[in-house]
Amino acid sequence: EVEVRALEALLGMFTPKAVMMVLAHLLPGGSLAGPTSFDLLVVGGGSAGLTAAKFAARFGKSVALIERERLGGDCTWTGCVPSKTLLASAERAHALRTAAEFGVAQPATVSVDMAAVKARIGRTIGQIYDADDSPEALRALGIETVSGAATLVDARRVSVSSGGGGTATVYEATKGVVLATGARPRPLDIRGIASVPHLTYEGIFSL
């Protein structure tokens with residue numbers, strides 16, 4: 001009985017939302033559902049959504065970040081990070097091939113190992129994801145991540161379905177909802193293009 005009273009006194013020092021968030025992480029198997037009410041809901045875990053969520057968290061707001069695919073979005077996986085990493089390799093190859101113009105002895109041949117370049121792209125993506133975009137990194141900032149497809153119910157509520165025919169969960173925002181749903185390639189309006197193989201930015205770095 002003494003232990004129960006001590007626990008009640010300890011829990012009484014925190015808001016119900018804070019207690020629920022802690023227990024949701026501590027209980028084995030996630031047997032207790034996490035909170036569904038936050039100051040801010042952010043739909044879309046790309047660069048814009050991540051920036052909005054981190055900005056709000058820095059001001060002490062409770063934030064849930066909803067993403068249906070993978071956190072990081074185009075920038076991390078198919079845009080900024082892989083393209084800039086590829087350009088860095090190209091710049092170094094070009095510098096070697098044009099070294100003589102700057103009075104530097106030029107190698108007889110300069111070869112590019114595309115397998116090594118691709119491996120470096122993959123490592124760079126992984127490093128940035130782990131440090132900045134992963135659920136673990138976001139949780140350390142106080143941001144909850146929710147995996148699923150979001151549907152805007154009204155100005156303050158978002159329904160999230162994880163697929164597989166499961167029941168959708170409705171999340172509430174007491175301050176507002178940020179829609180940062182990103183972009184996708186637009187099919188080119190060129191006759192016959194659908195019948196021939198072609199690439200977009202979503203697939204080119206998987207070659």
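The values are calculated or read from the model by the stated rules, or taken from the named source; none is laboratory data. Since this is a predicted model, take the numbers as computed values, not measurements. Virtual Cβ from ideal backbone geometry, glycine too; neighbours counted across all protein chains shown. These accessible areas exclude ligands, DNA and RNA; they are computed on the full protein's heavy atoms, side chains included. Shrake-Rupley method; radii C 1.70, N 1.55, O 1.52, S 1.80 Å.
Structural remarks
- Amide H contacts under 5 Å for V153, placed H, 5+ residues apart: V158, S159
- Theoretical FRET efficiency, 1/(1+(r/R0)^6), r = Cβ-Cβ of F55 and A116, R0 45 Å, to 0.05: 0.75
- Each residue of region 116-130 is assigned a 3J(HN,Hα), and the resulting list reads 5, 4, 5, 4, 5, 4, x, 5, 5, 4, x, 5, 5, 4, 4 Hz, derived from the Karplus form 6.51 cos²θ - 1.76 cosθ + 1.60 (θ = phi - 60°), x at Gly and Pro.
- Placing a label point 7 Å from the Cα of R70 along the Cα-to-Cβ direction, the residues of region 38-63 with a backbone N closer than 18 Å are 44-50.
- Here the calculated FRET efficiency for T181 and C80, from their Cβ-Cβ distance with R0 = 25 Å, stands at 0.90, rounded to the nearest 0.05.
- Percent carbon-and-sulfur accessible area, region 61-141, ignoring ligands, DNA and RNA, probe 1.4 Å: 58
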